[in-house]
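Report on the structure given below.
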Amino acid sequence: MSRRLVRTAAWTATAAAVAVGGYAGLVSGALPVDLGVGRRVRPLGPQALDITAPRDVVFDVIAQPYLGRTTRAMREKVRVLERGSDMVLAAHSTPLGGRWKAVTVETVRFSRPERVDFRLVRGPVPYVVESFTLAELPAGTRLLYEGEMGTDLWRAGAWWGEKVAGRWEATVAGSLAAVKLEAERRARR
């Protein structure tokens, strides 16, 4: 009886460790799941923000961590892995609480001065495309964020996508607020 109990406990502990490790890998983006089966796509955004700064200034603020020198504050969030003239491959880190952080790898393409496009290469879901579109206004710039996220495995994937999308869109909203703050600061100088 005790041998059977030990074996059951060992199997249970192993299954729990695999489940926790799999969840941690999925959340952090270290274990991406891209099966291409039962794909469901949902919108991200739109989020619009009016910024009291010229479009070129707003574009420069968005592009700086990728095409220019990364500031100390941004180094913990963005790491450029490969750089071209109008596109980079970048790793983005998002704190999840405690020592946990999600790392996504994305291509970022720049079409000066009106557009920045992002495409997920590796992350907690198999498919994300996003864009920042910059439109001139009489008193500044409108920054529009739009995108879509795809998950696999039908209803289970859609459930996971809802969980990820909430955090994803909140992170984008924080980034947009930081862009607005810095662009308006630069415009006042």
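The values are calculated or read from the model by the stated rules, or taken from the named source; none is laboratory data. As the structure is a prediction and not an experimental result, all values here were calculated from the model. Heads up, the Cβs are rebuilt from the backbone with ideal geometry, glycines too, and the neighbour counts pull from every protein chain shown. We work out accessible area using only protein heavy atoms, side chains counted, and drop any ligands, DNA or RNA first. Shrake-Rupley method; radii C 1.70, N 1.55, O 1.52, S 1.80 Å.
Please go through segment 143-189 and pick out each residue that is touching a Lys or Arg at 6+ places or on another chain (Cβ under 9 Å), charged (D, E, K, R) and open to solvent by 60 Å² or more (accessible area, probe 1.4 Å). Hits for segment 143-189 are Glu148, Arg155, Glu162. In segment 152-181, the residues that are closer than 27 Å to Val58 by Cα form Cβ pairs under 7 Å with partners that are part of a helix (DSSP H, G or I), at six or more places apart or across chains, as follows: Val179/Val58; Val179/Val61; Val179/Ile62. Is there any pair with a first residue in segment 82-99 that is among the small types (Gly, Ala, Ser) and a second that is in a strand (DSSP E or B) and open to solvent by 30 Å² or more (accessible area, probe 1.4 Å) whose Cβ atoms are under 7 Å apart and which are 6 or more apart or on different chains, and what are they? Pairs found: Ala90/Arg79; Ala90/Val80; Ala90/Leu81; Ala91/Arg79; Ala91/Leu81; Ala91/Val103; Ser93/Lys101; Ser93/Val103. Scanning segment 127-140 for residues that are part of a strand (DSSP E or B) and more than 19 Å from Val108 (Cβ to Cβ) returns Ala135, Glu136, Leu137, Gly140.
Screening segment 100-109 for residues that are in contact (Cβ under 8 Å) with a residue 60 or more places away in the chain and buried (at least 20 other Cβ atoms within 10 Å of the Cβ) and picking the one that is nearest to Val129 (Cα to Cα) gives Thr104.
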